[in-house]
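Down below is the structure, laid out as structure tokens.
The values are calculated or read from the model by the stated rules, or taken from the named source; none is laboratory data. This structure is a prediction, so every number in the text was calculated from the model and none was measured. Glycine also receives a Cβ, built like all others from the backbone with ideal geometry; neighbour counts cover every protein chain displayed.
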Amino acid sequence: MEILKVENLSKIYGEGGTKVVALDDVSFSVEKGEFVAIVGASGSGKSTLLHLIGGVDRPTSGKVFIDGKDIYKFSDDQLAIFRRRQVGLIYQFYNLIPILNVEENILLPLNLDNRDVDKKTLDELVSVLGLKDRRHHLPNELSRTDNNKEHQ
């Protein structure tokens, strides 16, 4: 079963002398259960491709189908809901909300959708992420290697 289909996807930034072709006529598909890696040199379009697949940016031309739906036929509001409910992008610089703690950052999409929290699932997720004892820490407190500072 095909879960992702990219057809003739292109993204161009700027015009004339400042024109940059970030993505040029890319097509591929991914089947359910298939593992895919996007690799390439710096500046080759990897992030642009991920932003287009995830609905973060709109292509200059081409289509992205997820579960058979052309995501660029969605309105901006529908695209925001799609991203919140169906896409998970983890950035190298993770873009957590700095004034929200770990638990609040995890729960933000559910809260925006007015959905109930499954405490057991939340506990499992925090544990799997290795953040069980840090769930009430702010993002800028997560990179500390000396955990003893909290207990002084």
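General observations
- Contact map, region 43-71: residues that are within 19 Å of residue 32 (Cβ to Cβ) paired with residues that are of a type in the set (Gly, Ala, Ser), Cβ distance under 8 Å, separation 6+ or inter-chain. Pairs shown: 64/55; 71/55.
- Residue 10 being touching a strand residue (DSSP E or B) at 6+ places or on another chain (Cβ under 8 Å), among the small types (Gly, Ala, Ser) and closer than 27 Å to residue 85 by Cα: yes
- Figure legend. Inter-residue proximity from region 8-35: first residues farther than 15 Å from residue 62 by Cβ, second residues in a strand (DSSP E or B) and of a type in the set (Lys, Arg), beta-carbon distance below 8 Å, spacing 6+ or different chains. Indicated pairs: 30/5.
Residue by residue, here is whether (1) within 17 Å of the chain's Cα centre (by Cα); (2) in the same structural domain as residue 137 (by TED's automatic domain parsing) holds:
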| site | (1), (2) |
| --- | --- |
| 21 | no, no |
| 71 | yes, no |
| 74 | no, no |
| 100 | no, yes |
| 109 | yes, yes |
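- Residues satisfying the stated conditions in region 28-65, i.e. exposed (fewer than 10 other Cβ atoms within 10 Å of the Cβ) and at pLDDT 90 or above: 32, 33
- Matching residues, region 31-87, being of a type in the set (Lys, Arg) and either in contact with a His (Cβ under 7 Å, 6 or more places away or on another chain) or assigned to a helix (DSSP H, G or I) (or both): 46, 73, 83, 84, 85
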